[in-house]
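Structure, as structure tokens:
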Amino acid sequence: MKKIILSLFVAALMHTPLMSQFSRQSWDSLNKLSASDHLQMMKQLRIDSLRPGPSGNPAAANAANSDESKATTYTSLPDPLVFKNGTPVQDSDDWQKRRLEILEDFSHEVYGYIPKNLPAVKWEIVSIKDSLINSIPVLVKELLGKADNSSFPDIKVEIQLSLTIPRMIKAPIPVIMEFGFNFPPGWKMPQQNTNEPGWQEQLLSHGWGYAILVPTSFQADNGAGLREGIIGLANKGAPRKPDDWGTLRAWAWGASCAIDYFETDKNVDPKRIGIEGLSRYGKAALVAMAYEPRIAIGFIGSSGAGGAKILRRNFGEQVENLASSGEYHWFAGNFIKYAGPLTPNDLPVDAHELIALCAPRPVFISAGSASVEGTWVDAKGMFLAGLYAEPVYQILGKKGYGIKDFPAEETTLIDGDIAFRQHNGGHTTGPNWPYFIQFAEKYFSDPPK
Ligand code: GCU
């Protein structure tokens, strides 16, 4: 199943503007370019070697740990409610100050700083068409966000976004934006063997809309692309510095640009915008929500390491994997240090604090079944991050899961403001959509429930 999704993913990437310049035969040279950019970043950091990460193949000799009894107990998990100088956070005013310390650490050490003076983005409506999603009449708007590249005309950046809303809407509606793919004309996802309505139809039948933002249209998903896309444009084609933003923040920037557009669209209620993503796009969705206060709710799918999973947990994917030449581009160069001279225990922050940055806004953490999806994403590590974010939600008058022990698969925890559900399927958010919508209704129904 994971293989199928990965090949769909690659197929989709091949059709995006940034990637179409690379034929299949060029994947090797793409990897070489990424490896050489990775190396130049290691040189900037004065690191000679990195610890290799474990394998994602459970049959490999160096397979990632999947045995709960061997998941190390971490001793250094930072407390989100204690200032760096040791003073405890007493109330919501204190939290606003402590939040800035945490944001600063995430920017400097993990995801990178967003450049000042980023180019302006001008949105153009490419087309507006009537269509049908199953039997629901919809209006589909195709949009392009063009970044001003007058400072460096060699790099052109255009954000692809589509917005689909029920035809009969009367008032501005909630919109859930997915980090996803825009498939080329005629290309369809293989039909799934199910009679369940798709997530798009589920949203539309609630009277809500959905948007699809194509991350790779404005920042490629590899290290080779770091001198192109919005990161390259901001750097005028030069390599990144160690605290420059990585791809996850660049993708999150695209989501903020999309919200700038939504604020101008009379069909959309800009106070009721949600974000959803799976896997690397689940990481992007959480990063986007942590940094962008206009995102009102998040549906964070199988985001794993670098997303909602506690990085200090030795189970599934590790920091060493994220710091390798295949994945380091998601992060600031500085993050690589934690697989070099430093260890995950030295990180000033961990994933529970990324969730805490979203507080008091509602977040739904989603995972698949360990037996179908595998253990690489570490569902329990994501559950724990939500649990450890709870004190921050509480200080803001909100609620966590309501339980402390990792629940059985298919237990739906949606009564608080941090939600968790591990469905019985694979690497997808699919089976959790109805539960996410139920959770979102508490906040998005009009009048609120
Ligand atoms: C790999 C990677 C994960 C990532 C996933 C995906 O498995 O190690 O961190 O989330 O790919 O995005 O598909």
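The values are calculated or read from the model by the stated rules, or taken from the named source; none is laboratory data. All values reported here derive from a predicted model rather than from experimental measurement. We place every Cβ from the backbone using ideal geometry, glycine too, and count neighbours over all the protein chains shown. SASA here: full protein model, heavy atoms, side chains in, ligands and nucleic acids out. Shrake-Rupley method; radii C 1.70, N 1.55, O 1.52, S 1.80 Å.
Couple of notes before you dig in:
- A Cβ distance below 7 Å, combined with a sequence gap of six or more or placement on separate chains, defines the contacts here; from the range 334-362, residues that are under 23 Å from ARG294 (Cβ atoms) and modelled with pLDDT under 95 reach no residue that is open to solvent by less than 40 Å² (accessible area, probe 1.4 Å) and among the basic types (Lys, Arg).
- Filter result for the condition that a residue is away from the ligand (no atom under 12 Å from the Cβ) and either open to solvent by less than 10 Å² (accessible area, probe 1.4 Å) or outside any loop (DSSP other than H, G, I, E, B) (or both), over ILE310, ILE300: ILE310
- Restricted to the range 265-297, and to residues there that are open to solvent by 10 Å² or more (accessible area, probe 1.4 Å) and small (Gly, Ala, Ser), the residue that is farthest from the ligand (Cβ to nearest atom) is ALA296.
- The single condition among (1) in contact with a Phe, Trp or Tyr (Cβ under 9 Å, 6 or more places away or on another chain); (2) open to solvent by 20 Å² or more (accessible area, probe 1.4 Å); (3) of a type in the set (S, T, N, Q); (4) within 16 Å of the ligand (Cβ to nearest atom) that THR428 does not meet is (1).
- Among (1) open to solvent by 10 Å² or more (accessible area, probe 1.4 Å); (2) more than 7 Å from the ligand (Cβ to nearest atom); (3) over 15 Å from GLY381 (Cβ atoms) - the single one GLU327 does not satisfy: (2)
- No other residue among PHE315, PHE262 is within 16 Å of the ligand (Cβ to nearest atom) and at pLDDT 95 or above apart from PHE315.
- Just so you know, in the range 380-397 the residues that are aliphatic (A, V, I, L, M) and open to solvent by less than 10 Å² (accessible area, probe 1.4 Å) include one that is farthest from the ligand (Cβ to nearest atom), and it is VAL392.
- Failed condition for TRP376, given (1) hydrophobic (A, V, I, L, M, F, W, C); (2) away from the ligand (no atom under 15 Å from the Cβ); (3) part of a loop (DSSP other than H, G, I, E, B): (2)
- Across the range 333-344, not a single residue is classified as in contact with a Ser or Thr (Cβ under 9 Å, 6 or more places away or on another chain) and within 13 Å of the ligand (Cβ to nearest atom).
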